[in-house]
């Protein structure tokens, strides 16, 4: 991906004035770093090495120079604070602008895109990788600018003072820089290995702790202990390797610096004896040698930071470049349907699949009128849920079309379309927010009264009222504190509250006992009046209540008609009826 | 000192882990004692260079340490000696420091790992009620983050103070010998440094906490949204989510700005303090050089000493703060180590034996149980199943059916009454045996994101591939497994998302089959299935149950018609089944 950094700049462009200001501060900072050892030099050369005993004039001079050390430090520090403040603000804004763009784009991308990717990975792209613009500036551009200006200023000063010593410093700088660079790769490799064992340990712990009942029922504790201990041992070894690499690095760079210092002391000392260098000058050289390490280190790390920033940027841009999304036409039409009124739904010759050349639906045609309840039945994997997911346009069909109120849904405004279709999914997804917020999820403006009415209709109000805080009770992670039947009823209430023209129920009562099912179905019968209703069901009681039954097998409609018509047709439905009334359990259990 | 001994009591569970590493202690103490000696000697070659070779001494220092050294008289030779000494001292110093880092970080790492292991072992044995009260994320952070408090505690109590004291002793003693007044002056600023560190530290931590909270809110929002994209899109909540994101991002930016300002101010204040110290020493020292009481070289030594003395002194004064900062972590760790929500095995627990493929008798006697005190879910339940019998349990949602059966594998103990396996109270049996004897197919067949084979062998990690395949065959699962891309080695997506409900159920049944248990518990094995899959699953169930004692929870009467007994539970009590209520 060429010019990735240019594309990043689109999301993170500082104003020219801020940039100029930041660069000026960088320059000031470097100058102050180079100036820091000078008061000491002046004190030694101009005050202490001059003869004259203790006089008022010399004391005043010493006082001024002491004050100068504080002043120089203050200026440098203030420049640094201003610089960091500007950079931090700019960097954060860039990160969150990019993050918001990603988040928005991901929400719009089709479910197809999401099924192919792990949510955790996408979350990382939004929350972590989006920092790449900031990283580019803060960990690449600024350190390079700071290091280069500092090194240039220091060498300029050294060359003017004593070129031989300056050459020695360069002789130290080059191997030191190479050493830092060469050690960086193995060190970061060790660190990565350590990170990996750490992640492994974390995954094991997470997996175990999120399935404790199963762990205990299956008596896995000892085995898990062993795996944990073994991984732990490897983590220790990886840690040891990391520490060893770091210590080696420290010893090596320390030795190079020590030898360099000794060389400067020797040659510098001789020059002081010759009279070509002042004692203070020698002290400046020694101080510079000590402060070379920081900018060198920064420069050595830049290439690695750059490549990791680039990797993050690519992960971000990959998402932004994805186009797998259901698009709204520029001239999309509004959809107007009165509350509680149904709309005619037509599937015309619809073909669709998730993977290329593997259609799940093959030429399905189907119509449902307002007030009608259509039951879809068929074996698992026949394409029932897929067919109904085309209705809110989670996907667009490959061929054919889906119409609502006689209009191709691709010509409608997406927001209107989705407003008109309410879905109770097979696995009710509840959020870790309050019960009321869960029911109001699709209609955040709903009043408490409306929410309670919906709960009542879904036969959920009774158990909600028994909860510790009623409707304000927080639902635990993944709705863990509710039974499957209760979760399902909350999902039904959520759909009812939307008051949509079309209702899609994907096995709405699978987790309910016979009694709850009966009452929920009664509630639905009342609510679906006038609306168009699709229901995927396995239970005879639900299916029998439908106006029409559509049997789907291998992505095709194989039978269609009223329950009575199909009962004697000799097809799948009849077999289904037989299965349900003469149970598999008739072969004696136990 | 009373407070301190109380603290020691609190820390005891963690100090135990330190005690186990006692072998490393002498080495650490010796190394951290000798190390600072080299710090104190490091500036001396420069002093030799300046005072002896370059300037020539005409000072009358109180103690002239250099006089005692056999130094050459030739100035050029002196320069070489100084340079050589500087290399030797520096390298030795680094080696010593490396050695002490090495020994201590190894010992510290072992402490942390051992603690983490114990936490993990304990956590997986705590009962589901405990886990309902804590989120997985919270427990994980205790395991991976708070376990480090063992290291920090020992470091803060022993290692760092020791090191600082050693530095102060070595450096301070030498400085004191050279000029005690200047030494006192150098140390004067240390309390101010410690005080700044403490007061800023608190505020920085508060801001950091705010920042983390905000960040975790943002993270949950993104995580939550991206895991339920179909819901987000069908319910059209994109704009609302985006607005929430922007709000959180805005506050993240402003928190971070304030945080950065605070941190920078902190470094400004400490910087000004230390630089002022340098300035004072420079000024006072310069005066002494002028009067001849101090040599220029000694002044340089003092400036070098100043920073290490200030750092050591302020570090020592901050010890209390460092330990205080891990108090919360220590608490979070000991809370788990001391948790009692766990079924205990008796020391004299008995073995439970049964023959392969055979059932054993099960009996619930007057069993009362509730997850919370005062809220019983089961009231005096009596129930008996002889070996090989099939018992169906029916009743409305929330009647206590699953709870009742979870007592069988001893996830919980009843508060009254007893549960018996083969005529023995389960509390008198070895826990391992009880759990081996009872195989469960749970309502939601929790599959793990590992391979199909590993999932089936979950309760018997030593099972051979042949056994796994046989179990899958019996469970009617082999057919679809063979069709998967890597067959038995296919990794199942998170929460089994890539499998249909019926397929998940059949894997769960295979998982139960391979355990060859005496008692089976099936919690609504067919609720989510269409008629076709249901037939397969029920057939698998029939094969699984043959000969064994079997409990089955079901909503549909006809799936349980063939049971030997039908028990109806309502509000935690056994009631007579009402014929009309359960008919389909």
Residue check for residue B:247: at the interface with chain A (Cβ under 7 Å from one of its Cβ atoms) and either more than 30 Å from residue B:182 (Cβ to Cβ) or touching a strand residue (DSSP E or B) at 6+ places or on another chain (Cβ under 8 Å) (or both): no
Which numbered condition residue B:344 misses (of (1) touching a helix residue (DSSP H, G or I) at 6+ places or on another chain (Cβ under 7 Å); (2) within 14 Å of chain A (Cβ to nearest Cβ); (3) within 30 Å of residue B:128 (Cβ to Cβ)): (1)
Residue that is farther than 18 Å from residue A:229 by Cα, more than 16 Å from the chain's Cα centre (by Cα) and buried (at least 16 other Cβ atoms within 10 Å of the Cβ), where the choices are B:96, B:69, B:126: B:96
Tally of residues being under 23 Å from residue B:407 (Cα atoms) and part of a helix (DSSP H, G or I) across region B:128-143: 6
Test result for residue B:325, surrounded by 21 or more Cβ atoms within 10 Å (Cβ to Cβ), away from chain A (no Cβ under 13 Å), at pLDDT below 85 and farther than 30 Å from residue A:60 by Cα: no
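Results for (1) farther than 16 Å from residue A:143 by Cα; (2) in a helix (DSSP H, G or I), shown as yes or no for each residue.
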site	(1), (2)
A:5	yes, yes
A:10	yes, yes
A:13	yes, no
A:19	no, yes
A:23	no, yes
A:31	no, yes
A:41	yes, yes
A:44	yes, yes
Failed condition for residue A:440, given (1) away from every other protein chain (no Cβ under 13 Å); (2) buried (at least 23 other Cβ atoms within 10 Å of the Cβ); (3) farther than 30 Å from residue B:534 by Cβ: (1)
Filtered residues of region A:392-408 (kept if assigned to a loop (DSSP other than H, G, I, E, B) and more than 9 Å from chain B (Cβ to nearest Cβ)): A:395, A:396, A:397, A:398, A:405, A:406
Residue check for residue A:296: farther than 30 Å from residue B:116 by Cβ and modelled with pLDDT under 85: yes
Residue that is nearest to residue A:353 (Cα to Cα) [pool: residues in region A:103-122 that are touching a residue at least 40 places away in the same chain (Cβ under 8 Å) and more than 9 Å from chain B (Cβ to nearest Cβ)]: A:112
Among (1) away from chain A (no Cβ under 13 Å); (2) modelled with pLDDT under 85; (3) surrounded by fewer than 24 Cβ atoms within 10 Å (Cβ to Cβ), the one test that residue B:504 misses: (1)
Helices (runs of 4 or more DSSP H) completely within region A:431-496 that count 1 or more residues being touching a residue at least 12 places away in the same chain (Cβ under 8 Å) and under 30 Å from the mean Cα position of the chain (by Cα): A:435-439
Within region A:447-484, tally of residues that are surrounded by fewer than 24 Cβ atoms within 10 Å (Cβ to Cβ), closer than 19 Å to residue A:517 by Cβ and modelled with pLDDT under 80: 2
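Residue-by-condition table, conditions (1) in contact with a strand residue (DSSP E or B) (Cβ under 9 Å, 6 or more places away or on another chain); (2) at pLDDT 80 or above; (3) buried (at least 17 other Cβ atoms within 10 Å of the Cβ):
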residue	(1), (2), (3)
B:150	no, yes, yes
B:153	no, yes, yes
B:168	no, yes, yes
B:182	no, yes, yes
B:195	no, yes, no
B:233	no, no, yes
Any chance residue A:70 is in contact with a helix residue (DSSP H, G or I) (Cβ under 7 Å, 6 or more places away or on another chain), modelled with pLDDT under 85 and assigned to a helix (DSSP H, G or I): no
Residues of region A:189-208 satisfying the condition of being under 21 Å from the mean Cα position of the chain (by Cα) and within 11 Å of chain B (Cβ to nearest Cβ): A:198, A:199, A:202, A:203, A:206, A:207
Members of region A:365-391 that are out of contact with any helix residue (DSSP H, G or I) (no Cβ under 6 Å at 6 or more places or on another chain) and either more than 14 Å from chain B (Cβ to nearest Cβ) or without any contact (Cβ under 8 Å) to a residue 24 or more places away in the chain (or both): A:365, A:366, A:367, A:368, A:369, A:370, A:371, A:372, A:373, A:374, A:381, A:387
Hey, residue B:125 over 30 Å from residue B:317 (Cβ atoms) and not in a helix (DSSP H, G or I) or not: yes
Every residue from region A:409-428 that is within 11 Å of chain B (Cβ to nearest Cβ), in contact with a helix residue (DSSP H, G or I) (Cβ under 8 Å, 6 or more places away or on another chain) and without any contact (Cβ under 8 Å) to a residue 60 or more places away in the chain: A:418
Cβ pairs under 8 Å, 6+ apart, first in region A:187-202 and free of Cβ contacts under 8 Å to residues at least 24 places away in the same chain, second in a helix (DSSP H, G or I) and exposed (fewer than 13 other Cβ atoms within 10 Å of the Cβ): none
Filter result for residue A:65 (within 9 Å of chain B (Cβ to nearest Cβ), in a helix (DSSP H, G or I), more than 30 Å from residue B:262 (Cβ to Cβ) and touching a residue at least 60 places away in the same chain (Cβ under 8 Å)): no
Test: residue in region A:143-161 that is under 29 Å from the mean Cα position of the chain (by Cα) and under 17 Å from residue B:121 (Cβ atoms): no
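Residue by residue, here is whether (1) at the interface with chain A (Cβ under 10 Å from one of its Cβ atoms); (2) under 14 Å from residue B:503 (Cβ atoms); (3) more than 34 Å from the chain's Cα centre (by Cα); (4) at pLDDT 80 or above holds:
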| position | (1), (2), (3), (4) |
| --- | --- |
| B:431 | yes, no, no, yes |
| B:442 | yes, no, no, no |
| B:466 | no, no, yes, yes |
| B:481 | no, yes, yes, yes |
| B:490 | no, yes, no, yes |
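The values are calculated or read from the model by the stated rules, or taken from the named source; none is laboratory data. Just so we're clear, the structure is a prediction, and the values are computed from it rather than from any experiment. Don't worry about glycine lacking a Cβ; one is built from the backbone with ideal geometry, like all the others, and counts go over all protein chains shown.
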